[in-house]
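One structure is given here, and the rest of the page talks about it.
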Amino acid sequence: MPKINENYLNLKESYLFSEINHRVADYTQKNPDKKVIRLGIGDVTRPLGSTIIKALHEGVDAMASSETFKGYGPEQGYEFLRNAIAAYYEGHGVDINPKDIFVSDGAKSDTGNITDIFGNDNVILIPDPVYPVYVDTNIMCGRKITYISGTAENGFLPMPDKNVHADIIYICSPNNPTGAAYNCAQLKEWVDYALENEAVILYDSAYEAFISDPALPRSIFAIEGAKKCAIEFGSLSKTAGFTGTRCGYTIVPQELVFKTGDGQEVSLNAFWNRRQTTKFNGTSYIIQNGAAAVFTEEGMVQCMENIAYYKENARIIAEVLERKGIRYFGGKNSPYIWFECPDHMESWEFFDYLLNHAQIVGTPGAGFGENGKDFFRLTAFGTRENTLEAMERFEKLF
Ligand SMILES: *Cc1c(COP(=O)(O)O)cnc(C)c1O
């Protein structure tokens, strides 16, 4: 009999979205005449820009003739895409060596797979509330997690505690689910803390394209010293609508060098390269060709049009909350609006209330950690019409 990885038994039942679907299905069955509006989804809905579609078609055509056919590509990604990503960063004033960029099929895989290059005996800091992938992938390896609290008081932007040592620190900014984004001074504190502790920051920048405040950093590498202590995960999912197309990247600077137990220096870039070349055979050429089009001038204009559409939805949601005097976070540099459940309701109670009285589906904060239990997430990824209608109903409720 195989000995199975019993750490999986320590995972909490991932019931969040199935429980939501269950409650919605139950409601619609009992109220077939009511129109339910879903503002709970964390998935984009706008189609890809025409420049990207064209490049995807060109990628397919390349496979049709022996002159242009592509077989296995480099596991790290094609040079044309790595260069395009580096140029994108340069456009934001951040210098990245294309050799430090590893193209992948998305940030979820990379944020999960990164556990491969670290040992099990680390002090791992993970914010609460946060994207559940960081927690679950560490539990799968049997690692102990120390939570750092995001609260209304710290604006859901927990800061380092200098009296507590850490080895690995997860940061997601702009944050899913709270929409909160760290400023440069705050990230500098995290970088300084990491350098002092000889720790590594695992920085998820999946929502960087939603940052419109020019003072906010779009990359951890905008902070001095970060190349000595940080890995960044990027994704085209929210930037370019690639949730179904699949492409992301991870930046592991060659400056990132740590010592083994017996004092040998090792490069995390070399380790990640070894991991990827062993377990990953590259992202499809067709997709990479489409991804490169995202970073062209025309492609980026089209992506930013979609992002502007979502951000207008976010503004509409936030405006109603503001008028109602409901405390909220995010919605400005993020597609997520995170607010305090009115009338001291807990998040599941509020979920039922909103579904029953306004036929709006959102996401209960409890699904993202202990600290989310009195909060609720609405997303800007719906259509304009539905967002307007939902918020009109919301306005009449309170
Ligand atoms: C959506 C999302 C991602 C993107 O994951 P992909 O696998 O690239 O689609 C990464 N991190 C967070 C926090 C997200 O919400």
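Among the residues of segment 212-220, some residue qualifies, meaning at least one is crowded, with 24+ Cβ neighbours inside 10 Å and either part of a helix (DSSP H, G or I) or touching a strand residue (DSSP E or B) at 6+ places or on another chain (Cβ under 9 Å) (or both). Going through (1) more than 16 Å from the ligand (Cβ to nearest atom); (2) crowded, with 18+ Cβ neighbours inside 10 Å; (3) part of a helix (DSSP H, G or I); (4) in contact (Cβ under 8 Å) with a residue 24 or more places away in the chain one by one, Ala86 falls short only on (4). Of everything in segment 103-137 that is within 13 Å of the ligand (Cβ to nearest atom) and among the hydrophobic types (A, V, I, L, M, F, W, C), the residue that is farthest from Tyr193 (Cα to Cα) is Val103. Filtering segment 250-274 to residues that are part of a strand (DSSP E or B), over 21 Å from Ala84 (Cα atoms) and touching a residue at least 40 places away in the same chain (Cβ under 8 Å) leaves only Phe258. With respect to the conditions (1) farther than 22 Å from Ala86 by Cβ; (2) more than 16 Å from the ligand (Cβ to nearest atom), Pro214 lacks only one, and its number is (1).
Conditions (1) closer than 20 Å to Gly155 by Cβ; (2) under 13 Å from the mean Cα position of the chain (by Cα), marked per residue:
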residue	(1), (2)
Ala185	yes, no
Glu196	no, no
Ile201	yes, no
Tyr207	yes, yes
Phe221	no, no
Cys229	no, no
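Contact map, segment 224-245: residues that are without any contact (Cβ under 8 Å) to a residue 60 or more places away in the chain and part of a helix (DSSP H, G or I) paired with residues that are within 16 Å of the ligand (Cβ to nearest atom) and not acidic (Asp, Glu), Cβ distance under 6 Å, separation 6+ or inter-chain. Pairs shown: Ala226/Ile220.
Assessment of segment 231-249 against the conditions (farther than 30 Å from Ile286 by Cα, of a type in the set (S, T, N, Q) and modelled with pLDDT of 95 or more) yields no matching residue. The set of residues in segment 285-299 being more than 22 Å from the chain's Cα centre (by Cα) and in contact (Cβ under 8 Å) with a residue 12 or more places away in the chain consists of Tyr285, Ile286, Asn289, Thr296, Glu298. Taking the listed residues Glu79, Glu75, the one that is more than 30 Å from Ala215 (Cα to Cα), without any contact (Cβ under 8 Å) to a residue 24 or more places away in the chain and of a type outside the set (Gly, Ala, Ser) is Glu79, with no other qualifying.
Among the residues of this structure, Ser237 does not count as one that is within 12 Å of the ligand (Cβ to nearest atom) and in contact with a strand residue (DSSP E or B) (Cβ under 6 Å, 6 or more places away or on another chain).
If the condition is being among the hydrophobic types (A, V, I, L, M, F, W, C), part of a loop (DSSP other than H, G, I, E, B) and at pLDDT below 95, then segment 9-38 contributes only Leu11.
Is there a residue being modelled with pLDDT of 95 or more, part of a helix (DSSP H, G or I) and away from the ligand (no atom under 16 Å from the Cβ) anywhere in segment 66-80? For segment 66-80, residues modelled with pLDDT of 95 or more, part of a helix (DSSP H, G or I) and away from the ligand (no atom under 16 Å from the Cβ): present.
No other residue among Ala222, Ala230, Ala180, Ala226 is under 21 Å from Tyr147 (Cα atoms) and away from the ligand (no atom under 14 Å from the Cβ) apart from Ala230.
Residue count for segment 89-102, restricted to those that are in contact (Cβ under 8 Å) with a residue 60 or more places away in the chain, more than 16 Å from the ligand (Cβ to nearest atom) and either of a type in the set (A, V, I, L, M, F, W, C) or touching a Lys or Arg at 6+ places or on another chain (Cβ under 6 Å) (or both): 3. If the condition is being assigned to a loop (DSSP other than H, G, I, E, B) and either closer than 18 Å to Thr178 by Cα or modelled with pLDDT under 95 (or both), then segment 198-211 contributes Ser205, Ala206, Tyr207, Ile211. Could you go through segment 251-259 and let me know if any residue there is among the β-branched types (Val, Ile, Thr), touching a Cys at 6+ places or on another chain (Cβ under 9 Å) and away from the ligand (no atom under 14 Å from the Cβ). Looking through segment 251-259, none of the residues is among the β-branched types (Val, Ile, Thr), touching a Cys at 6+ places or on another chain (Cβ under 9 Å) and away from the ligand (no atom under 14 Å from the Cβ).
The values are calculated or read from the model by the stated rules, or taken from the named source; none is laboratory data. Because the structure is a prediction, the values reported are computed rather than measured. Neighbour counts are summed over all protein chains in view; Cβ atoms, including those assigned to glycine, are modelled from backbone coordinates with ideal geometry.
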